[in-house]
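Notes follow once the structure below has been shown.
The values are calculated or read from the model by the stated rules, or taken from the named source; none is laboratory data. On a predicted model such as this, the values are computed, not experimentally measured, just so you know. Here the Cβ positions follow ideal geometry from the backbone for every residue, glycine too, while neighbour counts run over all protein chains shown.
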Amino acid sequence: MLRDALLMARKDLRIELASRVALGQILPFGALVLIMFGLAISPDLSVLGADERSVLAQVSPGLFWMAVLFSSLLTLGRSFAIESSDGNLDALKMAGLDPAGVFLGKAGAVIVQLLVLELLLGFGAFVLYDAPLSDVVLLVTALILATTAVTVAGTLYAALASGLKVRDTLVPLLVLPVLAPVLLAATLATEAAVFGSSEDGWSWTMLLGVFALLYLGIGMLSFGPILEES
């Protein structure tokens with residue numbers, strides 16, 4: 001299973017390195033989302049409290065994760081669009097690979113791409129929104145677990161819709177409701193890492209780990225039947 005997973009991940013990452021769609025198209029899209037959010041919220045508004053800060057800085061964790069979520073939908077769609085073209089999906093079924101390995105490999109390749117995008121988008125968010133950073137370890141842990149949860153759930157639904165002509169519009173409708181709890185937990189964990197409330201942040205991060213393990217288990221068990229029916 002692990003050998004098949006590494007094989008699929010290497011294949012997808014090599015295709016991405018050759019095409020450079022993530023850096024050439026998806027990254028600019030995510031950056032534009034951050035910029036548009038910044039333009040929609042006045043930088044002159046401030047939040048009163050013990051530490052006075054701008055509204056834009058206060059909501060920066062949520063805006064960052066919205067940009068990541070939109071970018072992940074494009075990345076997931078492309079991951080299975082590659083397999084759906086020219087009969088690649090049928091060839092994948094006949095290759096004798098472990099379905100769980102295929103699932104892990106495709107999810108792993110998307111996770112790597114999203115982590116690179118998040119690194120660049122996160123830097124842009126801190127620059128654009130003038131947000132502080134209090135706990136790097138908490139932030140990195142929350143990023144990894146949230147990205148894993150988003151990717152494994154998205155990979156499952158992207159595979160489910162891969163054989164349909166309406167997959168481009170169907171995948172967001174399927175994925176977004178499922179990922180709403182992940183988005184909430186990721187935003188609160190990131191907010192704690194940014195503004196310095198590590199105790200609450202680790203609680204939300206552990207919840208992200210539960211989501212990641214839950215979606216991972218469901219995906220590994222159900223990917224085989226989904227692959228056969230797609």
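Worth pointing out:
- For beta carbons closer than 9 Å, sequence separation of 6+ or different chains, a first residue in region 150-166 that is modelled with pLDDT of 75 or more and a second that is surrounded by fewer than 23 Cβ atoms within 10 Å (Cβ to Cβ) and not in a helix (DSSP H, G or I), the qualifying pairs are Ala159/Ser230; Leu160/Ser230.
- Taking the criterion of being over 22 Å from Ala57 (Cβ atoms) and surrounded by 21 or more Cβ atoms within 10 Å (Cβ to Cβ), the residues of region 112-147 that qualify are Gln113, Leu114, Leu145, Thr147.
- Scanning region 1-39 for residues that are surrounded by fewer than 16 Cβ atoms within 10 Å (Cβ to Cβ) and among the small types (Gly, Ala, Ser) returns Ala18, Ser19, Gly24.
- Number of positions in region 20-41 that are under 17 Å from Ala131 (Cβ atoms) and basic (Lys, Arg): 0
- Out of Leu188, Leu145, Leu128, Leu138, one residue alone is touching an Asp or Glu at 6+ places or on another chain (Cβ under 8 Å) and part of a helix (DSSP H, G or I). It is Leu188.
- Sole residue being farther than 21 Å from Arg10 by Cα, of a type in the set (A, V, I, L, M) and at pLDDT below 85, chosen from Leu121, Leu133, Leu89: Leu133
- Selection of first residues in region 51-62 that are in a strand (DSSP E or B) and surrounded by fewer than 20 Cβ atoms within 10 Å (Cβ to Cβ) and of second residues that are modelled with pLDDT of 80 or more and not acidic (Asp, Glu), restricted to Cβ pairs under 7 Å at least 6 apart or on distinct chains, gives an empty result.
- Of the residues making up region 173-205, those that are more than 17 Å from the chain's Cα centre (by Cα) and either among the small types (Gly, Ala, Ser) or loosely packed, with under 14 Cβ neighbours inside 10 Å (or both) number 9.
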